[in-house]
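The values are calculated or read from the model by the stated rules, or taken from the named source; none is laboratory data. From a predicted model like this one, the values you see are computed outputs, not experimental measurements. Note that we place each Cβ from the backbone using ideal geometry, even for glycine, and neighbour counts take in every protein chain shown. For accessibility, only protein heavy atoms count, side chains too; no ligands or nucleic acids. Shrake-Rupley method; radii C 1.70, N 1.55, O 1.52, S 1.80 Å.
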Amino acid sequence: MSRPLSFLYLTTFYPPYSFGGDAMQLYRLSHALAENGHHVDVVHCVDSYYLLHPQEPPLAFAEHPNVVRHELRSAYKWLSPLVTQQTGRPWLKKKSIARVLRSRPFDVIHFHNISLLGPEILSIQPEHGQAVKMYTTHEHWLICPMHVLWKFNRAPCEQPECLRCTIQAKRPPQIWRYTGLLERMARQVDQFVAPSRFTARMHAERGFSRPVAYLPNFIDRVDRDWQDPAPRPQEAPYFLFVGRLELVKGLQTLIALWDRAPAHDLLVAGAGTYEPELRAMAAGKPRIKFLGPLPQQDLGALYYHATACIVPSVTYETFGLTGVEAFARKTPVVTRDLGALPEIIQDSGGGFVYRTDLELLEALDCIARSPERRNELGQKGYDAFLKYWCREAHLALYFDYLEKAARKSFVRVPWLEA
């Protein structure tokens with residue numbers, strides 16, 4: 001019988017100081033473990049958030065009593081993440097991290113988005129006992145200084161030219177990437193996992209030497225969303241886009257062709273640095289409506305009542321989280337054939353994959369014309385959600401990886417011992 005475990009999560013971003021997919025996945029995982037009786041400490045870098053977002057976080061997030069957040073705030077403010085970005089070492093954060101390590105014995109140390117904590121953080125050891133060390137590749141940061149394999153800010157990266165790409169993006173080059181630091185630090189991690197088969201394969205193809213296993217992301221079961229959904233947000237039928245309003249998310253490709261789409265509105269939930277340009281593109285198109293950033297509890301009804309959710313990202317996503325959120329509400333998904341995105345359609349049969357604008361328009365028309373077809377696809381997506389992407393499925397595989405890593409590293413599983 002397993003006892004409650006103590007987890008230490010280290011990440012650059014965590015709610016409310018981020019609302020990207022990696023931060024939300026970590027938030028869900030922390031609370032799922034906490035509700036099962038485990039203790040979770042989350043260390044995250046608030047200085048990094050303010051480096052990119054000078055304003056206060058727009059949304060609030062409640063924490064479970066078993067989840068303790070540790071905010072990394074330096075008197076040097078923006079200088080702290082900049083020093084880490086340049087050196088690969090958390091120089092101005094070490095004391096705060098060491099203080100958390102001393103606070104209790106940890107069974108698991110799990111690294112998430114550590115881009116502004118630096119690869120040297122992978123070498124930390126617990127002050128007491130033994131801990132399994134795991135790393136989740138929420139992004140492609142291990143193999144891409146730009147994180148997203150988006151080359152020269154215009155296309156998916158087919159052939160790496162990292163130094164030129166970094167300079168063109170007006171980011172300071174990271175000299176540590178050419179010193180072997182990452183390779184040395186990665187050897188101290190027991191298990192790397194990726195949220196998609198594509199992401200695991202891409203790391204191997206781009207030269208990352210450690211094996212990367214497949215551990216798909218999840219969302220909590222939301223049966224009540226569709227059994228007792230909130231009212232429709234509007235009477236007119238609509239398709240839905242949910243995500244950060246950034247160039248790589250591809251909303252601009254939908255705006256450009258929406259005059260040719262079926263007679264549905266396009267509702268857009270999210271915010272980001274590319275928002276002014278997107279709003280300008282959509283000016284004079286009354287069927288495109290921007291809703292701004294919304295809390296998770298408000299997204300359920302949007303997903304449920306949508307004719308379909310569209311995921312048009314133009315670069316290599318590591319997982320199709322918004323697609324799974326739609327499946328959890330029995331809503332079909334239409335996604336671009338790129339990166340990890342097609343996997344959720346291949347695994348579920350709950351929607352369509354497109355390569356061209358014409359294929360996208362045909363898929364939208366097919367779903368819009370037939371409510372029966374729409375419901376059939378939505379049900380397939382929901383069945384796959386229960387099988388692959390719900391909390392129970394994720395935690396079962398998560399603990400299986402942890403136990404196997406413990407046996408390999410320690411020849412025992414400490415938390416299974418009497």
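The table that follows gives values for the structure above.
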{"item": "Heavy-atom accessible area order for GLU235, GLU120, largest first, 1.4 Å probe", "result": "GLU235, GLU120"}
{"item": "Percent carbon-and-sulfur accessible area, segment 59-131, ignoring ligands, DNA and RNA, probe 1.4 Å", "result": "55 percent"}
{"item": "Distance from segment 237-254 to segment 31-65 (C-alpha centre basis), Å", "result": "25 Å"}
{"item": "Cα-based Rg / Dmax (Å) for segment 367-418", "result": "19.1, 60"}
{"item": "Share of carbon and sulfur in the accessible heavy-atom surface of segment 241-315 [1.4 Å probe, %]", "result": "56 percent"}
{"item": "Rounded tilt (10° steps) of 357-369 against the dominant C-alpha axis of the chain", "result": "70 degrees"}
{"item": "Translational diffusion of segment 289-408, µm² s⁻¹ [Kirkwood Rh, Cα pairs; Stokes-Einstein; 25 °C; 0.890 mPa s]", "result": "161 µm²/s"}
{"item": "Accessible surface of segment 342-418, 1.4 Å probe, proportion on carbon and sulfur as whole %", "result": "52 percent"}
{"item": "Proximal charge balance of GLY320 [Cβ under 11 Å; K/R count +1, D/E count -1]", "result": "-3"}
{"item": "Segment 235-276, Cα convex hull volume normalised per residue, Å³", "result": "74 Å³"}
{"item": "Too-long pairs where the Cα-Cα distance tops 29 Å, listed order kept, from LYS77/LYS170; LYS95/LYS170; LYS380/LYS404; LYS151/LYS408; LYS151/LYS404; LYS133/LYS380", "result": "LYS95/LYS170; LYS380/LYS404; LYS151/LYS408; LYS151/LYS404; LYS133/LYS380"}
{"item": "Most to least accessible of ASP259, ASP365 (protein chains only, probe 1.4 Å)", "result": "ASP259, ASP365"}
{"item": "Ranked packing of 74-81, 197-204, 129-136, 43-50, most packed first, by mean Cβ within 10 Å", "result": "43-50, 129-136, 197-204, 74-81"}
{"item": "Accessible surface, per residue, of the chain when the full set of protein chains is kept, probe 1.4 Å, Å²", "result": "43 Å²"}
{"item": "Helix-only mean residue ellipticity at 222 nm for the chain, each DSSP H run of n ≥ 4 adding -39500 (n - 2.57), per residue, nearest 500", "result": "-10500 deg cm²/dmol"}
{"item": "Counting DSSP beta bridges with both ends in the chain, the antiparallel % (nearest 5)", "result": "5 percent"}
{"item": "Estimated distance in nm for a label pair at LYS289 and LEU361, the labels positioned 7 Å out from Cα along Cα-to-Cβ", "result": "2.4 nm"}
{"item": "Rg/Rg_globular for segment 188-245, with Rg_globular taken as 2.2 N^0.38 Å and Rg from C-alpha atoms", "result": "1.84"}
{"item": "Area projected by the alpha carbon convex hull of segment 1-110, averaged over all directions, nm²", "result": "7.3 nm²"}
{"item": "Highest average packing first - 222-230, 148-156, Cβ atoms within 10 Å", "result": "148-156, 222-230"}
{"item": "Segment 20-81, Cα convex hull volume normalised per residue, Å³", "result": "90 Å³"}
{"item": "Value of Rg/Rh across segment 248-316 [Cα atoms, Kirkwood radius]", "result": "0.94"}
{"item": "Stokes-Einstein D for the chain, Kirkwood Rh over Cα pairs, 4 °C, 1.567 mPa s (µm²/s)", "result": "58 µm²/s"}
{"item": "Rg followed by Dmax, in Å, when segment 170-277 is reduced to its Cα trace", "result": "20.8, 58"}
{"item": "Segment 335-401, Cα convex hull volume normalised per residue, Å³", "result": "74 Å³"}
{"item": "Calculated P(r) tail over 19 Å for segment 146-217, as whole % of Cα pairs", "result": "45 percent"}
{"item": "Surface accessible to a 1.4 Å probe, ASP347 within the full protein complex, Å²", "result": "50 Å²"}
